[in-house]
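The values are calculated or read from the model by the stated rules, or taken from the named source; none is laboratory data. Owing to the predicted nature of the structure, the values given are computational and were not obtained by experimental measurement. FYI the Cβ positions are ideal-geometry reconstructions off the backbone, even for glycines, and counts take in every protein chain you see.
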């Protein structure tokens, strides 16, 4: 079986500060190295468990975070740059998904660098009336294609979020959140060992984990941050306005819901 690793940065081992995750900030190069090391550890565990090919999608910001020249030979493809409206490029060739370095949804108490897609513009998301973050959205996109999310890595808050959503999912808890910008972090060597072993176990037991499939049509509600302007009706004539900064759309699948919103 092939596996697609979707990567974000805020939940990566050793990450706790905004200057590690924003391009141009003084510690962003450190964040890039930390992400690359987590990817290599995860891929190593997958290949040791028998994975045929490992695909890695850099999902943070503009998809220029991982260090290509430091990616190990356990990775078969890296997916970089624009993929238009196909968030999970390569998934057709894979049997399962790993969400590596993910973070808790916006507003989660004590979660490190919590947000939902964009801390600058998005206050909250809901899927079919339930508050949701990036883990729920991406699990739903994979689920519509019949693929389960078998592992999540990040802080204890995103791990709790994942376990509530995906029965049997394997979680690599590489840190415990105390505030939005700090917590108790595993030393990198211990975190990498945990990620490798968790990936091994997740792959070995992948057949026990079911895809997340939401009832259709999907009702996807978006609440913008205070004073953020609603989309113009001419650009989204299908949206239902809830209040001055909240609107809702319907879609036939989770990928369309995300991109139509």
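The residue pairs whose first member lies in the stretch 70-85 and is more than 20 Å from residue 38 (Cα to Cα), whose second member is part of a loop (DSSP other than H, G, I, E, B) and modelled with pLDDT of 95 or more, and whose beta carbons are closer than 7 Å, counting only pairs six or more residues apart or on different chains, do not exist in this structure.
Scanning the stretch 189-204 for residues being surrounded by fewer than 15 Cβ atoms within 10 Å (Cβ to Cβ) and touching a strand residue (DSSP E or B) at 6+ places or on another chain (Cβ under 9 Å) gives a total of 1. Within the stretch 19-45, the set of residues being in a loop (DSSP other than H, G, I, E, B) and either surrounded by fewer than 22 Cβ atoms within 10 Å (Cβ to Cβ) or more than 20 Å from the chain's Cα centre (by Cα) (or both) comprises 22, 23, 24, 25, 26, 27. Residue 167 passes every criterion in (1) over 18 Å from residue 50 (Cα atoms); (2) exposed (fewer than 15 other Cβ atoms within 10 Å of the Cβ); (3) without any contact (Cβ under 8 Å) to a residue 24 or more places away in the chain apart from (3). Looking across the stretch 59-94, the residues that are touching a helix residue (DSSP H, G or I) at 6+ places or on another chain (Cβ under 7 Å), part of a loop (DSSP other than H, G, I, E, B) and closer than 21 Å to residue 142 by Cα come down to 75, 85, 87, 88.
Residues in the stretch 100-108: is at least one out of contact with any helix residue (DSSP H, G or I) (no Cβ under 7 Å at 6 or more places or on another chain), within 19 Å of residue 180 (Cα to Cα), without any contact (Cβ under 8 Å) to a residue 60 or more places away in the chain and in a loop (DSSP other than H, G, I, E, B)? Within the stretch 100-108, one or more residues are out of contact with any helix residue (DSSP H, G or I) (no Cβ under 7 Å at 6 or more places or on another chain), within 19 Å of residue 180 (Cα to Cα), without any contact (Cβ under 8 Å) to a residue 60 or more places away in the chain and in a loop (DSSP other than H, G, I, E, B).
In the stretch 180-193, what count of residues is obtained for those that are closer than 20 Å to residue 151 by Cβ and without any contact (Cβ under 8 Å) to a residue 24 or more places away in the chain? Steps first, please.
Taking the stretch 180-193 and keeping what is closer than 20 Å to residue 151 by Cβ, we get 185-186, 188-193.
Pick out the ones that are also without any contact (Cβ under 8 Å) to a residue 24 or more places away in the chain and you get 189-190.
Residues in the stretch 180-193 being closer than 20 Å to residue 151 by Cβ and without any contact (Cβ under 8 Å) to a residue 24 or more places away in the chain: 2 in total.
Looking across the stretch 70-91 at every residue that is more than 19 Å from residue 60 (Cα to Cα) and out of contact with any strand residue (DSSP E or B) (no Cβ under 8 Å at 6 or more places or on another chain), the one that is surrounded by the fewest Cβ atoms within 10 Å (Cβ to Cβ) is identified as 73.
Test residue 48 against the stated conditions and say whether it is surrounded by fewer than 22 Cβ atoms within 10 Å (Cβ to Cβ), touching a helix residue (DSSP H, G or I) at 6+ places or on another chain (Cβ under 6 Å) and outside any loop (DSSP other than H, G, I, E, B).
On the way: surrounded by fewer than 22 Cβ atoms within 10 Å (Cβ to Cβ): yes; touching a helix residue (DSSP H, G or I) at 6+ places or on another chain (Cβ under 6 Å): yes; outside any loop (DSSP other than H, G, I, E, B): yes.
For residue 48, the condition - surrounded by fewer than 22 Cβ atoms within 10 Å (Cβ to Cβ), touching a helix residue (DSSP H, G or I) at 6+ places or on another chain (Cβ under 6 Å) and outside any loop (DSSP other than H, G, I, E, B) - is met.
If the condition is being within 17 Å of residue 179 (Cα to Cα), in contact with a strand residue (DSSP E or B) (Cβ under 9 Å, 6 or more places away or on another chain) and either without any contact (Cβ under 8 Å) to a residue 24 or more places away in the chain or surrounded by fewer than 16 Cβ atoms within 10 Å (Cβ to Cβ) (or both), then the stretch 109-141 contributes 109, 116. The listed residues are 159, 94, and the only one of them that is in contact with a strand residue (DSSP E or B) (Cβ under 8 Å, 6 or more places away or on another chain) and over 28 Å from residue 29 (Cβ atoms) turns out to be 94.
Looking at 144, 156, can you tell me which residue is closer than 17 Å to residue 9 by Cα and surrounded by 18 or more Cβ atoms within 10 Å (Cβ to Cβ)?
That would be 156, the only listed residue that is closer than 17 Å to residue 9 by Cα and surrounded by 18 or more Cβ atoms within 10 Å (Cβ to Cβ).
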